[in-house]
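Data first, discussion second: the structure below is written as structure tokens.
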Amino acid sequence: MRSLALAIPGAEEGFNMGSVVFKVNGKVLARLLGADAMIVGVSFDEREMLLQAEPETFHITDHYKDYPGMLARLASLTPQALERFLWKRWRQIARKSDIKAYDARREQEKRP
């Protein structure tokens with residue numbers, strides 16, 4: 001999880017409230033909760049869909065019910081799914097200029 005999070009442009013690792021947190025521009029990208037769960041940011045609609053579709057992976061507690069996110073069990077969260085969550089969240093919290101620069105670099109890399 002750490003290597004995927006730190007591969008995100010501008011991601012920094014820190015600690016907050018006793019847990020590891022990854023931030024971009026001072027905003028939470030992801031937070032570890034102990035050794036087996038993490039908070040991932042999603043819309044309320046997406047959360048409801050994922051909670052129903054994959055209850056073995058995703059869950060919610062009363063503490064997070066009003067937060068646009070949910071808890072994911074790391075043991076059943078695939079690296080590919082984690083990477084999608086991280087990049088989606090990055091696009092929500094990164095500076096527009098950083099997103100534009102990243103997208104331009106990716107387009108340049110695709111050219112022969």
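Throughout, read-outs are computed from the coordinates displayed, never taken from laboratory work. As the structure is a computational prediction, the values presented were derived from the model and not from experiment. Here the Cβ positions follow ideal geometry from the backbone for every residue, glycine too, while neighbour counts run over all protein chains shown.
Just a few scattered comments:
- Tallying residues that are of a type in the set (D, E, K, R), closer than 27 Å to Ala101 by Cβ and surrounded by fewer than 18 Cβ atoms within 10 Å (Cβ to Cβ) within region 2-36 yields 4.
- Only one of the numbered conditions (1) crowded, with 16+ Cβ neighbours inside 10 Å; (2) without any contact (Cβ under 8 Å) to a residue 24 or more places away in the chain; (3) of a type in the set (Val, Ile, Thr) is not met by Ile39, and that is (2).
- Any pair with Cβ under 6 angstrom, 6 or more apart, that starts in region 1-25 at a residue that is on the phi > 0 side of the Ramachandran plot and ends at one that is outside any loop (DSSP other than H, G, I, E, B): Gly10/Val24
- Scanning region 56-74 for residues that are among the aromatic types (Phe, Trp, Tyr) and surrounded by fewer than 18 Cβ atoms within 10 Å (Cβ to Cβ) returns Tyr64, Tyr67.
- Out of Ile93, Ile39, Ile60, sole residue that is under 18 Å from Gly10 (Cβ atoms) and hydrophobic (A, V, I, L, M, F, W, C): Ile93
- Of all residues in region 75-93, those being surrounded by 14 or more Cβ atoms within 10 Å (Cβ to Cβ), within 14 Å of Met38 (Cβ to Cβ) and out of contact with any helix residue (DSSP H, G or I) (no Cβ under 8 Å at 6 or more places or on another chain) number 4.
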